[in-house]
Each structure stands twice: as C-alpha cells, then as structure tokens.
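The values are calculated or read from the model by the stated rules, or taken from the named source; none is laboratory data. Remember, predicted model here, so these are calculated numbers, not experimental data. Neighbour counts run over all protein chains shown; Cβ positions are idealised from the backbone, glycine included. Surface areas here come from the heavy atoms of the whole protein model, side chains and all, with no ligands, DNA or RNA. Shrake-Rupley method; radii C 1.70, N 1.55, O 1.52, S 1.80 Å.
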Amino acid sequence: MAYLVDSRILHPGDAYPKIPNFEDIQVLLLPISGPWMRIADAVDYAKYVSPDLVVPIHDGDLNEGGVGLTDQVLSELLGTIHYQRLGGPRKVELA
C-alpha cells in the first residue's frame with residue numbers, strides 16, 4: 001500500500017509501486033534498507049519518480065556506520081535529486 005498526499009508527497013510503503021500521474025511528486029519517502037531490497041532498486045525508483053527531495057525511510061536494520069554509508073552512497077547516486085535525512089543523524093543503541 002502506498003500513500004500519496006496532496007499529489008506531492010509519496011510514501012510507497014515497503015515497495016516501489018508504479019504510480020500513474022506522479023509528475024507533481026515533490027517529496028519521496030524512499031525505503032532504503034531491508035532484507036527484501038537492493039540499494040540499486042531504491043536508486044532506480046527514485047530516478048523513476050524524480051522528486052525534488054528524497055527522504056530515507058525503512059532503515060531500522062542499519063547500524064550507525066550503515067546509515068552513514070548508505071546516506072553517502074545514495075546522495076552520490078541520486079545525482080541532481082536532493083537527499084535529506086529528517087532530524088539529522090540518529091543514534092543507534094542496541095539493548
């Protein structure tokens with residue numbers, strides 16, 4: 001299930017659905033990590049949607065190093081699409 005808010009913000013859920021008439025999407029909440037995906041798929045989907053801004057989501061399985069590396073790689077591979085993590089860096093603590 002995907003959510004499209006005001007035709008400008010897309011939350012694709014846990015997948016990369018093909019959305020008809022998505023030309024006005026400004027913000028894409030992009031799943032970036034999980035046992036079901038490859039980072040190349042995330043990049044391809046972001047380029048397909050071509051939003052102004054990509055915000056990473058679904059990264060709870062990444063440790064601090066993984067978050068930093070993934071952010072760096074995605075920022076470079078997305079080219080002109082702006083990539084921004086909300087709330088700045090996060091601290092990961094294992095119980």
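A few points about this structure:
- Loop-located trypsin sites (Lys or Arg not before Pro) in region 9-90 (DSSP state other than H, G, I, E, B) with a sparse environment of at most 15 neighbouring Cβ atoms within 10 Å: Lys18, Arg38, Arg90.
- Spin-label pair Asp52/Val73, simplified geometry with 7 Å Cα→Cβ offset, distance in nm: 2.9
- FRET efficiency, 1/(1 + (r/R0)^6) with R0 25 Å, evaluated for Asp24 and Glu64 via beta carbons: 0.10
- Accessible surface of Asp61 - all protein chains present, 1.4 Å probe, nearest 10 Å²: 90
- Summarising the label geometry, the points placed 7 Å from Cα in the beta-carbon direction at Ile9 and Met37 lie 1.8 nm from one another.
- Helix 64-77 axis versus longest C-alpha principal axis of the chain: approximately 30°, rounded to the nearest ten.
- Net +/- balance of residues flanking Ser7 in space, Cβ distance below 15 Å, scoring K and R +1, D and E -1: -3
- Normalised contact order of the chain, rounded percent, pairs of Cα under 8 Å and 6 or more residues apart: 23
- Apportionment of accessible area to carbon and sulfur, the chain, percent (1.4 Å): 55
- Probe 1.4 Å, protein heavy atoms only - accessible area per residue of region 15-85 in square angstrom: 54
- Antiparallel %, DSSP beta bridges [both residues in the chain], to 5: 25
- Taking every protein chain into account, the 1.4 Å probe leaves Ile57 with about 30 Å² of accessible area, to the nearest ten.
- Distance between region 37-60 and region 72-86 - C-alpha centres, whole angstrom: 9
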